[in-house]
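**Student:** Attaching a single structure in structure tokens format; questions to follow.
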Amino acid sequence: MSYQVNVPAGPGSISSASSVTADDDDRLSDWASSLGEARQTKSLFDETILPSPEAALEHDSNIWDFNLHETCEKLGLDMFGRIRLINLIRNAGLTKDQIQVLSSSDPLFQDDNLLIPVIPDDPLLQYDPDDSWSDDEESIVQQNPIQSNAGPSQPQTSTQNSRESQLEAELEKARKDLASMRLLISKTVGAEDDGEPPVEGSQEGQSTERKGKGKAVERDDDTHYFHSYEENDIHEIMLKDTVRTVSYARFILSNPKIFKDAIVMDVGCGTGILSMFAAKAGAKHVYAIEASGLAVKARENIRKNGFADSITVIQGKVEDIQLPVKEVNVIVSEWMGYMLLYESMLDSVLVARDRFLAPGGLMAPSQTRLVISAITGDRTWKERVAFWPSVYGFDLSTMQAPAFDEGLTEVVDKEEIVTSEAIVRDINSHNATIKSLDFHSSFILKSTSDSDVTVKAFLTHFDTFFNPISGEGSHVQPEEQVEILSFGDNEFENPVQPLQEREEGNQVSFTTGPRGKYTHWKQVVFLLRKHISLEPNQQIQGRFFCKKSPTNSRELDVEIHYRVIDGDEASAEGSYDVQCYKVR
């Protein structure tokens, strides 16, 4: 943080009262006040705000018996290691005992994500206990006054040599710090242009693009995504979705044998609501992971509700963070996006599973199904297509194109469904792989109408299952239907009540389809340029392709192949109409 102070030119010393006007004095007072505020530092272990980094360190030493300087020396940490340690303590809420078991070889001290300040402009990150340039120089001069020309020269020479050695050591340390900073910047911003064409990034869904002379910049699909979850609006919508929130709460609160004394991880904790349900259900400890800045509010929500001792909020991507424990017993996450897989958050949940879930541990939800059907699409067609050819007397039909190129998030009446449903992807959270989330699947949709119908669109929704059994045994077979329950609009006004306890545990499920209550996920409609005329004895045969977009791994590319066949004469051979879409 920097400041500008305008000092008027004129004779006299700044310490002279006659050279400083009242206005100047006010400005200097304001500046001193601002500088004092800039040095205010939060304790590493509690909510106390101290006037300076020195005061904060003294507070932590007196109240919490923790000496940051001694700890850094014991671990052999350089400037960057010290910054990582401070951010780790603030992020993970480590106790003194947890800090004492850390070692200098811990991978945490090589994690560049821990160089990102948890508290913006944290004065403690800028404070260097070894910074003694001016003080040391003054003390050396006082202890070793310069000898007069008449006296012996040896003591002066010795003092100068000592000072030169000290300066050389300081300079060497500065050079090393600068080299480390340059390395960090090169990792973050990009490498020098070596004349080669753009290269693909090493991480799935990431690529490297050239921007400007000599720079290679890794494409960032995450920043906007995480920022979008920092605002209250989206969380209010999700919390008021009673199908979503009550279903999670019922499963967590109705299975005490699973959650009692369990170590739980909540991936993408948001406001902390699921973490608090888990703590309420008796979890021994919950690690609430949140990559966005909402982690600050989640931590405060948890404190206000009395769960600060049993829930630790860790801000960071689950791919990068470390836990104070080796493994967890349960991973809970509300990762589903539009058309189930939009936003690709399931990728992160599967990483969390592979990194932290104990053998025999439980994933919640345990299973999800992506389901397709055919609909008349009359209302969507009217609103998205038929509207444009005549708008206040003008033909604006050029604007119709996006309706056919993108999956449209809509609320569809169940009366519009004119075929059977087909599962195009059935995902078991215990054994799915990231690679398996790009897929293609065949489907058959049989007409359910007694008369000829015109199909203007395909429709997708998803069903979600929470099974108290882990692994393969949790899988619900395709013929088993999702449970469709009634949910009140205002159930958020009262605590969720657990279901009656069963010896085998309570399974919970919900649908986002038109036959269930409205959810914030709605459904995704794929309008057809070429309509389908479907007779009562006919069916639609098709193939559904879905993969992450090569230009943004959070978006989806969908391709639907379809044709009409008579009766049950299904065959892979024959011609299909094909239409491509983006889900974004």
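**Student:** Among (1) open to solvent by 20 Å² or more (accessible area, probe 1.4 Å); (2) touching an Asp or Glu at 6+ places or on another chain (Cβ under 9 Å); (3) touching a residue at least 40 places away in the same chain (Cβ under 8 Å), which single condition is ARG379 missing?
**Tutor:** With (1) open to solvent by 20 Å² or more (accessible area, probe 1.4 Å); (2) touching an Asp or Glu at 6+ places or on another chain (Cβ under 9 Å); (3) touching a residue at least 40 places away in the same chain (Cβ under 8 Å) applied to ARG379, the lone miss is (3).
**Student:** If you don't mind, there's one more thing I want to ask. Is segment 417-431 home to any residue that is open to solvent by less than 50 Å² (accessible area, probe 1.4 Å) and either free of Cβ contacts under 8 Å to residues at least 12 places away in the same chain or among the aromatic types (Phe, Trp, Tyr) (or both)?
**Tutor:** No: segment 417-431 contains no residue that is open to solvent by less than 50 Å² (accessible area, probe 1.4 Å) and either free of Cβ contacts under 8 Å to residues at least 12 places away in the same chain or among the aromatic types (Phe, Trp, Tyr) (or both).
**Student:** Looking at segment 432-444, can you tell me whether even one residue there is part of a strand (DSSP E or B), within 29 Å of the chain's Cα centre (by Cα), of a type in the set (D, E, K, R) and assigned by the TED database to the domain that holds VAL371?
**Tutor:** Of segment 432-444, the ones part of a strand (DSSP E or B) are 439-444.
Next, from what is left, pick out any that are within 29 Å of the chain's Cα centre (by Cα): 439-440.
Next, only the ones that are of a type in the set (D, E, K, R) stay: none.
No, the conditions are met nowhere in segment 432-444.
**Student:** Let me ask something additional. Would you confirm, using the coordinates I've provided, whether TYR287 is within 30 Å of PHE526 (Cα to Cα) and either open to solvent by 40 Å² or more (accessible area, probe 1.4 Å) or of a type outside the set (S, T, N, Q) (or both)?
**Tutor:** No.
**Student:** If you take the residues of segment 552-584 that are among the aliphatic types (A, V, I, L, M) and part of a loop (DSSP other than H, G, I, E, B), which of them is surrounded by the most Cβ atoms within 10 Å (Cβ to Cβ)?
**Tutor:** Result: ALA570.
**Student:** When the residues of segment 313-346 are filtered to those that are of a type in the set (S, T, N, Q) and more than 30 Å from SER509 (Cβ to Cβ), which remaining residue is surrounded by the most Cβ atoms within 10 Å (Cβ to Cβ)?
**Tutor:** Taking segment 313-346 first, the residues of a type in the set (S, T, N, Q) are 315, 322, 329, 333, 344.
Going one step further and asking which of them are more than 30 Å from SER509 (Cβ to Cβ), we end up with 315, 322.
On the way: GLN315: 24, GLN322: 18.
Filtering segment 313-346 for residues that are of a type in the set (S, T, N, Q) and more than 30 Å from SER509 (Cβ to Cβ), the one surrounded by the most Cβ atoms within 10 Å (Cβ to Cβ) comes out as GLN315.
**Student:** Hey, GLN400 hits all of (1) at pLDDT 95 or above; (2) not in a strand (DSSP E or B) but one; which does it fall short on?
**Tutor:** (1)
**Student:** When both residues are 6+ apart or on different chains and their Cβ atoms are under 9 Å apart, which pairs have a first residue that lies in segment 453-472 and is under 16 Å from VAL371 (Cβ atoms) and at pLDDT 95 or above, and a second that is assigned to a helix (DSSP H, G or I) and of a type in the set (A, V, I, L, M, F, W, C)?
**Tutor:** Matching pairs, first to second residue: ALA457/TRP381.
The values are calculated or read from the model by the stated rules, or taken from the named source; none is laboratory data. Just so it is clear, the model here is predicted, and its values are computed rather than measured. Quick reminder, even Gly has a Cβ in these numbers, built from the backbone with ideal geometry, and neighbours come from all protein chains shown. Heavy atoms of the whole protein, side chains included, go into the accessibility calculation; ligands, DNA and RNA do not. Shrake-Rupley method; radii C 1.70, N 1.55, O 1.52, S 1.80 Å.
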